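**Q** This is the structure I want to talk about, given as structure tokens.
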Ligand code: B3K
Ligand code: ZN
């Protein structure tokens with residue numbers, strides 16, 4: 001597919017000041033009338049009035065009230081170019097009127113206006129608005145919108161759009177209409193409308209300047225008892241943004257609408273967020289602790305976009321991380337403030353390693369601000385979002401909270417109401433802080449995860465510790481492609497904030513400020529610390545201060561010391577992960593066989609963490625006791641130049657779990673008993689951590705020998721599955737049972753299904769635990785489930801729960817030696833790509849690491865990829881992913 005380049009950006013030739021939309025929903029189609037007040041952009045390149053448009057049946061086209069003769073315009077598949085007004089040159093200002101017909105019921109891409117169950121919903125980011133009407137569909141065209149929706153009253157009592165409801169009325173034949181007016185100019189990707197029959201939960205929020213905002217959460221009828229948490233999260237987010245960033249809600253009316261068919265998590269449309277039901281609906285018996293926290297984070301994220309994304313938006317889609325990286329950083333900080341900062345950070349680091357580091361090492365590697373893309377929807381990635389947030393966090397680390405806040409204030413003062421670039425954001429941070437961020441800007445342009453090599457030396461006589469840091473970043477597939485296109489790469493050193501602590505033998509911090517941020521700007525740099533009384537253990541990258549691979553030779557003893565004493569909880573966790581990784585790599589080298597690669601010191605360290613968790617912070621202990629993920633171990637192998645062996649990785653990890661279960665059974669049992677719930681379920685507070693640790697312990701106990709398992713653990717698993725009142729405990733037990741080849745497994749899965757078949761989101765969990773099962777035959781079971789009534793390939797949540805979970809979260813079965821995992825993925829992708837290219841392309845990303853497996857597996861993967869590539873009429877989304885994978 002054709003790539004487009006950032007360097008080719010030109011300002012729009014025409015601007016739009018106002019849009020008046022009229023959308024009439026009929027049984028067979030929708031009719032959209034649009035009136036655009038257009039004006040030639042004095043800063044633009046000149047030329048025709050070019051409008052994007054896809055799958056629109058044009059009915060009428062007029063300028064300033066006069067229908068346009070066909071010779072004045074050219075209509076192509078994806079655009080309408082108007083060169084003149086019936087022979088006369090286009091006036092500098094004109095009113096363009098169009099009428100088109102669209103077919104929302106046939107819209108399986110879920111981009112533009114589409115039907116979900118009995119209602120109509122929109123998704124316009126990135127380029128869905130062009131599937132609703134002809135428009136210059138680019139974020140630097142900002143206009144004020146009014147929207148009138150007309151539909152049958154009985155079937156569609158709610159008619160919603162952005163901004164304020166300004167008029168309603170009846171039309172003929174039992175139809176009604178509503179007109180909405182959005183007082184803020186916005187790019188069309190933030191447009192939304194909904195016509196549906198929904199229940200609504202209403203509330204109010206008083207802003208700190210004393211305005212009252214009406215809040216509403218709309219859900220499918222009958223689900224009102226599942227929206228309380230989302231509403232509470234919204235109010236918490238509003239209060240937090242006022243407190244932390246001084247940012248207030250700017251509308252009188254803020255709505256969240258939940259929809260069951262949705263490509264991603266949620267969408268920040270101005271004043272009318274549209275959400276995947278997954279991030280709205282929750283009740284203790286249907287949703288897990290993780291689901292509740294996911295709701296908190298996504299509701300906050302979309303709300304925070306109102307300033308970072310909507311009030312100040314992106315100039316072009318290359319700048320996507322301007323709003324996404326910044327807004328993820330904001331929702332991370334919200335999570336840290338309302339939950340546990342340490343646990344939140346650990347989970348972020350883990351997610352980065354599982355998803356972003358592999359992306360950086362694979363064929364789709366790109367910087368947070370890519371220089372080119374073929375399909376923008378492929379760039380809503382871990383890199384743009386999560387690494388983008390890391391880059392913002394590094395600025396925060398380098399300049400400090402107070403200067404960061406001044407930088408945000410300056411950013412809004414300068415750019416409110418504008419469509420800007422990442423450069424504008426960094427400039428505001430630089431100007432507000434006085435810290436030179438010129439070199440830092442390279443983070444925006446370079447793909448790949450940098451390596452940081454550290455070497456420390458202690459001189460007892462001089463009481464001096466010396467640390468030498470060396471950075472390197474090899475070019476990725478992305479840089480090679482740029483080079484081929486003749487584009488320059490700025491490959492100078494990065495500006496890396498390295499947060500360092502020096503932990504003394506007694507466990508205390510040697511540095512008076514505990515943690516010092518070393519600004520690494522050269523390729524190699526030496527830092528000297530005087531007055532250090534004894535040989536310290538260096539704690540590098542505290543709080544994970546930079547998204548890099550650390551190469552630092554520290555012995556098991558040193559890591560154990562950090563595990564026990566580091567004053568930074570993230571690095572205590574990290575030390576444990578490094579130790580476990582080292583052991584597991586030895587186990588993998590041994591083919592995952594035996595246990596003589598497991599040192600007793602590790603068993604003892606795990607026991608200490610567990611004891612500590614019972615006394616202090618159960619949530620932190622639960623994080624520490626999760627062994628490095630199979631995907632993370634795979635990256636370690638690939639990074640060391642070895643072929644990834646998914647079988648050996650899986651075996652070694654299980655062997656270590658079984659060993660711990662055998663050696664620490666009594667402690668696990670004691671913890672299980674000590675952590676029994678003492679109060680009614682609530683999805684937050686310390687009991688989340690206690691549940692996490694208790695279920696983790698139960699998971700370890702389930703690794704016990706058959707005799708103990710059957711006699712003592714199985715009864716608890718089955719009882720917890722059927723008897724626990726909350727989904728967190730139920731799904732923990734069911735997930736564990738799903739890995740066991742026992743009659744209880746089938747019974748529990750069947751019972752769960754019959755109990756919950758009416759709750760779509762709970763059925764997704766049922767699919768997911770089966771798709772991620774360790775048991776042999778899982779691929780065949782996934783195929784069987786694809787034919788089950790519970791599955792629907794047109795529903796993204798179902799595809800994610802069953803197929804993506806299998807491909808991305810079950811590496812050992814996805815990478816099965818016989819190629820069955822790859823064939824399964826290819827079968828789904830080829831079927832899905834014509835229906836929903838965005839979702840199909842996401843599944844196709846599962847092949848990212850295919851060149852890192854052994855030759856036999858590679859042959860299977862290549863065959864699968866080529867089969868997808870050769871599929872007739874392959875969607876651009878999938879073509880880009882597969883094309884890059886095969887490059
Ligand atoms: N901005 C949307 C994502 C849109 C994805 C389009 N393919 C959700 C978010 O990041 O908040
Ligand atoms: Zn976002």
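**Q** Give the Rg/Rh ratio for region 451-565, taking Rg as the radius of gyration of the Cα atoms and Rh as the Kirkwood radius, to two decimals.
**A** So for region 451-565, dividing Rg by the Kirkwood Rh gives 1.08.
**Q** Rounded, prolate or oblate, given the Cα gyration tensor of region 566-704, with a/c below 1.5 counting as rounded?
**A** Prolate, because a/c is 1.5 or more and a/b exceeds b/c.
**Q** Which order do the peptides 665-677, 1-13, 369-381, 838-850 take when ranked by the mean count of other beta-carbon atoms within 10 Å per residue, highest first?
**A** Descending packing order for the listed peptides: 838-850, 369-381, 665-677, 1-13.
**Q** Write down the radius of gyration of region 12-197 and its Dmax, each obtained from C-alpha positions, in Å.
**A** 16.1, 49
**Q** If you line up the long axis of helix 876-886 against the longest principal axis of the chain, both from Cα atoms, how many degrees apart are they, to the nearest 10?
**A** 40
**Q** Can you tell me, using C-alpha contacts under 8 Å and at least 6 residues apart, the relative contact order of the chain as a whole percent? Mind dumping the intermediate values first?
**A** On the way: 1721 pairs, mean separation 72.9, N = 887.
Relative contact order, the chain: 8 percent.
**Q** Please report the spacing between the Cα centers of region 167-211 and region 813-887 in Å, no decimals.
**A** 42
**Q** Another one. If one takes the longest principal axis of the Cα atoms in the chain, at what angle in degrees, from 0 to 90 and to the nearest 10, does the Cα axis of helix 760-771 lie?
**A** Its long axis makes an angle of about 40 degrees.
**Q** What order do you get for 35, 736, 308 when you list them from fewest to most C-beta neighbours inside 10 Å?
**A** Details: 35 15, 736 25, 308 28.
Listing 35, 736, 308 from fewest to most nearby Cβ atoms yields 35, 736, 308.
**Q** Sorted from fewest to most neighbouring beta carbons within 10 Å, what does the list 302, 759 look like? Working shown, then result.
**A** Numbers: 302 25, 759 18.
Lowest count first: 759, 302.
**Q** For the chain, find the longest principal axis of its Cα atoms and tell me its angle to the long axis of helix 727-737, 0 to 90°, nearest 10.
**A** 60
**Q** How large is the translational diffusion coefficient of the chain in µm² per second when you combine the Kirkwood radius over alpha carbon pairs with Stokes-Einstein at 20 °C and 1.002 mPa s?
**A** 74
**Q** Expressed in nm to one decimal, what extension gain is obtained for the pair residue 754 and residue 207 from 0.36 nm per residue of sequence separation less their Cα-Cα distance?
**A** That pair, residue 754 and residue 207, stretches by 192.4 nm at full extension.
**Q** Report the gain in length on full extension from residue 705 to residue 71: 0.36 nm times residue separation, minus Cα-Cα distance, nm rounded to one decimal.
**A** Difference between extended and current length: 220.2 nm.
**Q** Moving on. Cα centroid distance between region 724-791 and region 23-92, in Å?
**A** About 52 Å separates the Cα centre of region 724-791 from the one of region 23-92.
**Q** For 443, 177, what ranking results if the residue with the fewest other Cβ atoms within 10 Å of its Cβ goes first? Could the numbers behind the result be given before it?
**A** Working: 443 26, 177 18.
So the residues, fewest neighbours to most, are 177, 443.
**Q** So if I take the alpha carbon set of region 757-887, get Rg, then get Rh from the Kirkwood formula, what is the Rg over Rh ratio? Don't skip to the answer; put the middle values down first.
**A** On the way: Rg = 14.0 Å, Rh = 14.6 Å.
The Rg/Rh ratio comes out at 0.96.
**Q** A further question on this structure: Sum -39500 (n - 2.57) across every DSSP H segment of at least 4 residues in the chain, then divide by the residue count to get the 222 nm mean residue ellipticity, nearest 500. Don't jump to the answer; show the numbers that get you there.
**A** On the way: 30 runs with 344 residues, N = 887.
After summing the helix terms and dividing by residue count, I get -12000 deg cm²/dmol.
**Q** What is the distance in Å between the Cα centres of region 410-485 and region 271-328?
**A** Their Cα centres are 26 Å away from one another.
Any read-out appearing in this document is the output of simple, stated calculations on the displayed coordinates, not a laboratory observation. Given the structure is predicted, the values throughout are model-derived calculations rather than measurements. Virtual Cβ from ideal backbone geometry, glycine too; neighbours counted across all protein chains shown.
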